[in-house]
Amino acid sequence: MEETAAASAPDTPWSEVHRLAPWSALPDPDAEWPGVGGDHDRLNATSTVPGFTDRTTGAPAARYIWDLARCEDILWVVPLGADGVAGSPHHRDQLPLRARCELVPVVTDWSRLTKESA
């Protein structure tokens with residue numbers, strides 16, 4: 001049985017078949033979502049409904065690495081971006097990073113934090 005399944009495996013990479021399709025109350029019809037790697041128990045964890053769709057609708061809300069001894073070394077990434085407002089520069093700015101399993105620094109220094117206007 002395993003040999004049969006392996007012999008009929010497609011040549012298409014997982015990330016080309018499994019594309020991100022996040023739920024949105026106000027979907028963007030022009031949005032182009034990337035392919036994603038990983039399944040439900042990997043670092044780049046995502047989930048699909050096997051047998052129904054290969055579209056990836058579930059993923060962890062965020063990925064963090066905490067260093068409580070050195071707060072300047074804390075890293076994170078979210079699946080889309082840090083702003084939930086479509087059209088904002090931070091709406092999907094972390095998506096490419098997350099797709100590559102990369103992280104960005106969490107700024108905890110109050111002197112470096114500034115309010116950005118939309």
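Sorted ascending by nearby beta carbons within 10 Å, beginning with the fewest, His18, His90 become His90, His18. Given their separation in residues at 0.36 nm each and the Cα-Cα distance between them, Ala25 and Val106 gain 26.4 nm when the chain is fully extended.
The eigenvalues of the Cα gyration tensor, multiplied by 5 and square-rooted, give region 72-118 an equivalent ellipsoid with semi-axes of 19, 17, 6 Å from largest to smallest.
Counting neighbouring Cβ atoms within 10 Å and putting the fewest first, the residues Leu68, Leu75 line up as Leu68, Leu75. Exposure proxy shown here: for Asp54, Asp67, the number of other Cβ atoms within 10 Å sets the order, fewest to most, as Asp67, Asp54.
Coordinate-derived values only; no laboratory data. Given the structure is predicted, the values throughout are model-derived calculations rather than measurements. Quick reminder, even Gly has a Cβ in these numbers, built from the backbone with ideal geometry, and neighbours come from all protein chains shown.
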